Structures are given as C-alpha cells and as structure tokens.
Amino acid sequence: MSDGILHAIRVIDVCSGIAGSAAGLQLSEAGAEVVKVEPAAGNRQRGTPLFRVLNRGKLSVALDLETPDALGDLLATADVLIHEFTPAKAAALGLDDITLGKRFPRLVVSAIGGWPPRHELANALPRETLVLARLGLLDEQPGHRPGPVFVRMPFANWLACWLCVVGVMARLIARDRDGRGGPAHTSLAQAALVPMTMHWTRAETPTAVFAKGLDKHIPIPLHQCSDGRWIHVHYSPDKAPWMSAAFTEFGDAEVARLNALWPPSHVAPNFGANRAVFATRPAQDWVEHLWAHDVAVQIAAPFGSIYFDEQARLNGYVVPVDDPLLGNTFQPGPSYSVEPPAQVRGPLHALGADNARVSAHQPAVTAQPEHPVHTALPPLHGLKVLDLGAYLAGPFACMMLADLGAEVIKVEAPAGDAMRRLERTFSGTQRGKRGVALKLGDPQSQPLVDALVRWADVVHHNMRLPAARKLKVDYASLQALNPGLLYCHVSAYGPHGPRADWPGFDQLMQASCGWETAQGGLGNPPQWLRFGVGDFFAGLSSLYALLLGLYQRNRSGEGQMVASSLLGATMLSMSEAVAFDDGTVSEVDVLDSEQTGLGAEHRLYRCTDGWIAVAALEPTEIEHFQATVGATPTAYFSTRSQAQALADLHSAKVPAEIVSEAQLDPFLDDPAHAAAGLHAHYPHAVYGHLQQIGGFWDFGDLPLSLNRAPPALGEHSREVLNALGFTDDQLQPLADAGLLKL
C-alpha cells in the first residue's frame, strides 16, 4: 500500500457519533494514522455495521478519558484531534482550546458539537433530531401528512463529517503558513443549515422571484409506473418519444385537464399529464427509454441495493471488506479521487489492539518554527479560484472556498447561470465571489479565458466533461496554460463506467441509494429529502479532495486533477448498512408509516399545541422515558402542551425538544444565532441589504471571509478583466458581439 497524501499526519479520534467517526475515516483513507480512542469496555455500538464501517482501518486504543490527562501522551505526538464534546465537557477533560493551545501549539482541534462554540446552546446535548427540531428543519421537510416530519437520513451528521475534514485541511494548510495549529470547529447545527442556504435568506428589495422562493409543497416528479415501482425524473420528459406520442393521443384538452389536478411544478410544466403517462409502462422500460434520450431519471430503489450497481462498483464507491465479525461485506469506498489515491486500510481493529503499538511508536511531529508568523488571515487567504460551475454542487464548493478566504472569480455565460432563474437558491451558493459574464469556447473570448486560467491556482466546475472538452476548459487544455494548476471536477456518476458522462442531480442519487424509499415511511410512496443533500455532499467532498491536492502541491510543487461525484459522496451515507455476497443487505431502522420516527423513544409526538421531539438513545434515557410517559406515549403527549411535556421530560433527564415551525424569519431575527456567527449581512447590487446564513466553521483566531454578496450578472467583468490587463477598448467589441456582459 503506497503512502497517502496525509501519511505524515497523526489524528486522535475520540468520537462516538457519525460525524466525527466518519471524519476520522476520511483522514485515515487519505493516509493519516488515525488512532481511535474508546473506553476500556468499548463502544456499545461496536457490533453494528455503522460503527464497523466508520472505524475500519484505524488503530484502536482503549483508555479511560476521565483519568487526568488521559490523552496527554497521545496529543504530544499528534497533529489533529477530533472530538464531539461540548465546551463544558472539553474543559473538564482539559481539552478546551486555551489549554490545548498552550500545551500543544501545533495541534489542530476540530470539535463537532451540537451548536457552535459561541452559541448560547453550545453545551446542549449534540443529538441531531433535537438540533433539527430546535432549528425548525423538521418543518421544512414535506411529508405524507400535514405538520413536521421525522427526517430519516441523519444528514446533518454526514454534512458535519465533510465540514470537519475541510476545516481540518484548511487549518493544516494555514499551519504551514503560520507555524501553529488551533481550532477548526463545526457543529450539527451549522451542518444542518448548509442546505438551508437555498431557502433562508432575506432581501431589502427582493424581486418577485426572489421573494417567492421554493415552496416545500411544490410537486416533485416522483411517478409510479405500471409495475408499482416509482421513478424520479429530473426536468421535463415531454420531448421523449413515448411521452410526446402520448400527449398527441391525449389531445391538448386532456393534457390540460390532467395538469390541473396538481399544483404547478417548476421542473415539469406537464406534471399531471406526465404522471398519467408514466403509469402505462414498467419502471425499467421508462428508465431505459429516458436515458436513451438524455433525460435524467432513476428508479426509487430499496435501501442498499446501490451496493450492487455497476457504476458504483466501477468507480470504487463500493469496496469489499472482510470484517472479522460481519464476514465478507461490501461497504462504501472513497468518494473522491486524488493522487496518491485514497485507500481502504482494512477492517475494524479489535478493541485495544494497538495500545502497545501506539505507545511504543510515536511519529515525529514537524518542529515548530522558532518565530512563528502570527497572522489573523482566513485559512485559505491568497488562494485564487476560477469557478466555472453551474447549478449547485460546484458553485457551493467555490462559495465555501470564498468563506475560507480564497479569492474566487465566477465565470458564467452572458445569459447567466441556469440556476439564476431560482434567485434565492442561486444566491445561496454564490456569496464571496466576483462575477464575470463571459462566453466560453469562442475564439474571440479565448484570450480572456486563457488569462483567467493563468491567474488561477484552482479551477473548479461540475459541467459534463464532454462539454468541458468542447469549450476547451478540460484539464489537458488548461494544464497546458498553467502547469501547476489544481483542477477539480464534480460529476454525477463518477469518472468511469457507462454513466460517466450522464447528467445527474441530487434527487436521482437519493432515489438510487434508497433514501427516497426510506424517507417515505413504512408502506408509503417514496419521498424526496428536500434538503438536496447529494449536491452538498458532492460539493464538500470535492472541496476535501481539492484541499488534499493543495496540501500535496505545497510539498511536491505539482498540480493535478482531483474529482468527486454525487453518487460517490452520497454512497458514504449508506454506511449504516453493508451488503453481502448473496445479494442481501443488513437491516436498518425503518421510518414508521406516519413519518414520526424510528421507535417510541426516538420520534415526534403531537401535543395539544404542536409537536415535540424525543431522542432517548441511551439505556438510562430510555428507562426514564418509559417511566415518565407510561405504556401509551401518544396518549400521554396528546393531553399536554409542548411546554408541559418538555418540562416533564427534562425533569426526568430525557432528551427532548420542542419542534419549531416556520423558522425562516425567526432564525434570521435571533440574536443568539447572530452572536454565534450564523448570520451574514452585505449590500447586494439588486436586492439591497441581503441577509443570509453565516459561517460553517469556527477557527478561533482565524477569521472567515463573509463580506461579499453574491454577484449580479457580470457585476465584476470590467473590474476583473481590467486587472488582468485588458482595456475597455478590447472588451467593448466582445460585449457588442454578445460574448461578454460588462
């Protein structure tokens, strides 16, 4: 096994939850030596597929963290510490930022709490269901019934994993510059807010489109076929021959009648008629027909069946792991590509198997400079990024680079990014950038593109690679202009296999991975998880790959192409199940038919004045819950107000939270959120004062860069191109020809 990019890095992972454990896995498979620290009795989840997947290949050390300075010897040799303690618990263990900064000045520390460390709820129990309830996100997910619904995918944990490793890499890169480590914290609340960048924003002078946003009740094109299976179609299928012929047979009046049965859909103008036509043929027939005519579609598959998908296997997103307890399994593999490549490092080690090895073998930590440079610059200050992406995954990743201090130039066509028609969604992925509206692929505009490429350290995009080659912005073309370039690409299905160049979207990955079936609830039709998680998984995983490439370039001097995909990044969220040679998949918890939860102790309950969320997951919590509510919990809650029920549960030490509803304005008005850095404000060229969701990390002494609004179309074209040496006399003819918007 060759050394990975992080082969000289040692990570101490003392996490028990999904987010921190998954972050440790990502660092491990990128080459770091990751030491998993567990109590002497071991984690009670050790036998579950989820624990065994997320902690595979790590060294295992058993020790009592309550012992004074239990981690001292390990931290003296470490580069990174990942933990999930609240600030109060961390301080009690001597793991607070001040103490660690004094003792281990080069140590990078990432705490994944429930809330940001500067939030008034920072010491609240970091449990996802409770965080989503408090934020109001359970009310943002549509269900098969009115009111808030339980969200089956623990998406905040998976997003927090990616935020953690991106923060760690950004801090390691800043350590090379500054000579010191420090915090790289994130939280479940910040992770949960990632997809809300599309929705939770306010403008002083909004346009009608911006003000409207995207209502959660817009019909989603999930259609049942004649064999009872469901397909998710992205964008209009009206031009596909079978659909077009059916419309002709129906006639305009019947098409109009069928459409009138449903609310308007922004992705399918003939939603009702489509629904009637899809019901006439089996799902597989429809999928093959639509694929043949370049319409993006997937069957809403059972949970876990993606493990047997050809495309997933050809790209290494599914890997075989011989687990000592589970046997021969298939598990999620690395979701991105870099050089040297990420590699699976074997199964879970036995508890404490590496105690002696870790204490005997202490890798050298790079010496601290005698006079470190004390700066207060964002982690990625000075990095120059050219964003050629569109829609969501690519632009979101580049927005995160801007948040981290990079200088980002967004290039879009003079007619605008296709996502601009959804103004609020577009704005949620564009802040921090300067905008240039320029036509790619035209000989007259090519000198401008070449100059931008030579300026950049990084080019990032998510267009299909055949289109990139046609526009001459593929890696080979751009590397010839800038040999040290880091080139990052986000695809739908991965770089290899029959679907390598196919169109794909978040919704289709949710469908194929089984999350839509899981979110539907027992016996119900599948349902899309509105939070668009696949796009954000892919964007953040591409950012992780890019920062690995940057870390490597800082040592080798060589650029490279790195990549991620919607499918690969969504695959990681399948880790709670593994597959076997016989075609079966391990069991997972199933959402109930009412979409209220996974069992009596982890679900939503209706009170007299609203809903309450209970997340009693530990044995003592379950006992206290049962003792409080008795044998019929629904009856107990139905006679109490939210406040009464919450008081009873908290008195019994049962984790619970009121389920907030309609939180867009309350969130943006909340001073506690503002104090924690969860709000951002700036003047916008069209919208006036713009307020959006704020920072996704807390780097302590290093600031984020949250001071530039999303660009209006072509807002900075003249400024950027003048700075690259082009005069107005050179630019105006291009503008007159429609190749440039000034």
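Kirkwood radius, segment 413-544, all distinct C-alpha pairs, inverse of mean reciprocal distance: 17.1 Å. Sparse packing (at most 11 other Cβ atoms within 10 Å of the Cβ) combined with a DSSP loop state is found for the following GluC sites (Glu not before Pro) in segment 555-623: 587. When P(r) over Cα pairs in 20 Å bins from 0, in percent is computed from the coordinates, the matching label among (1) 16, 46, 31, 7, 0; (2) 12, 19, 14, 27, 22, 6, 0; (3) 17, 52, 29, 3, 0 is (3). Each other residue within a Cβ distance under 15 Å of residue 709 adds +1 if Lys or Arg and -1 if Asp or Glu, for a net charge of +3. Counting charges near residue 559 (Lys, Arg +1; Asp, Glu -1) among other residues having Cβ under 12 Å from its Cβ returns a value of -2. The trypsin sites (Lys or Arg not before Pro) of segment 186-229 that DSSP puts in a loop, and whose beta carbon has at most 13 other beta carbons within 10 Å, are 216.
Relative to its residue count, segment 130-249 spans a Cα convex hull of 236 Å³ per residue. With neighbours defined as other Cβ atoms within 10 Å of a residue's Cβ, the residues 607, 513 order from fewest to most as 607, 513. What list of ³J(HN,Hα) values in whole Hz, one per residue of segment 445-450 in order, does the Karplus curve 6.51 cos²θ - 1.76 cosθ + 1.60 (θ = phi - 60°) give from phi, with Gly and Pro shown as x? Going residue by residue, I get 8, 4, x, 5, 4, 4 Hz, with x marking Gly and Pro.
The phi torsions of segment 612-618, fed into the Karplus equation with coefficients 6.51, -1.76 and 1.60 and a -60° offset, translate into couplings of 10, 10, 10, 9, 8, 10, 8 Hz, rounded to whole numbers, with Gly and Pro shown as x. Straight-line reach from residue 216: which lysines have a Cα under 30 Å away, not including same-chain ones fewer than 8 places off? The reachable lysines, counting only those whose Cα sits under 30 Å from residue 216, are 239, 410, 433. Among 144, 223, a tally of other beta-carbon atoms within 10 Å of each Cβ gives an order, fewest to most, of 144, 223. Under the classification rounded if a/c is under 1.5, otherwise prolate if a/b is larger than b/c and oblate if not, where does segment 1-101 fall, given a ≥ b ≥ c as square roots of the Cα gyration tensor eigenvalues? It comes out oblate by the Cα gyration axes. Shape summary: segment 235-295 maps onto an equivalent ellipsoid whose semi-axes, from the alpha-carbon gyration tensor, are 19, 13, 10 Å in decreasing order. Does segment 583-742 come out rounded, prolate or oblate, given a ≥ b ≥ c as the square roots of the eigenvalues of its C-alpha gyration tensor, rounded meaning a/c under 1.5 and, failing that, prolate meaning a/b above b/c? Prolate shape, in that a/c is at least 1.5 and a/b is the bigger ratio. When 16, 28 are sorted by how many other C-beta atoms sit within 10 angstrom of their C-beta, beginning with the fewest, the order is 16, 28. Ratio of Rg to Rh for segment 597-658: 0.91 [Cα atoms; Kirkwood radius as inverse mean 1/r over pairs]. Partner lysines whose Cα lies under 30 Å from the Cα of residue 653, excluding those fewer than 8 positions away in the same chain, are identified as 36, 89.
Over all other residues within a Cβ to Cβ distance under 13 Å of residue 593, the charged ones net out to +1, with Lys and Arg as +1 and Asp and Glu as -1. Looking at segment 29-73, which GluC sites (Glu not before Pro) are in a loop (DSSP not H, G, I, E or B) and have at most 12 other Cβ atoms within 10 Å? Here the sparse-neighbourhood loop sites are 66. Using alpha carbons only, how many angstrom separate the centre of segment 269-288 from the centre of segment 1-55? The distance from the Cα centre of segment 269-288 to that of segment 1-55 comes to 44 Å. Using Cβ point charges alone (K and R +1, D and E -1), the dipole size of the chain about the Cα centre works out to roughly 840 debye. Just name one of 333, 234, 148: the one whose Cα is farthest towards the positive end of the charge dipole of the chain (beta-carbon charges, Lys/Arg +1, Asp/Glu -1). Final value for the positive-end residue is 234. Each residue of segment 715-729 is assigned a 3J(HN,Hα), and the resulting list reads 4, 10, 4, 5, 4, 5, 6, 4, 5, 8, x, 8, 8, 4, 5 Hz, derived from the Karplus form 6.51 cos²θ - 1.76 cosθ + 1.60 (θ = phi - 60°), x at Gly and Pro.
Residues whose amide H comes within less than 5 Å of that of residue 715, counting only those at least five positions distant or on another chain, are 435 (H built at 1.01 Å from N in the peptide plane).
Only the coordinates and a few stated rules stand behind these numbers; no lab work does. The structure presented is a predicted model; accordingly, all values stated were derived computationally and were not measured. Note that each Cβ is placed from the backbone with ideal geometry, even for glycine, and that neighbours are counted across all protein chains shown.
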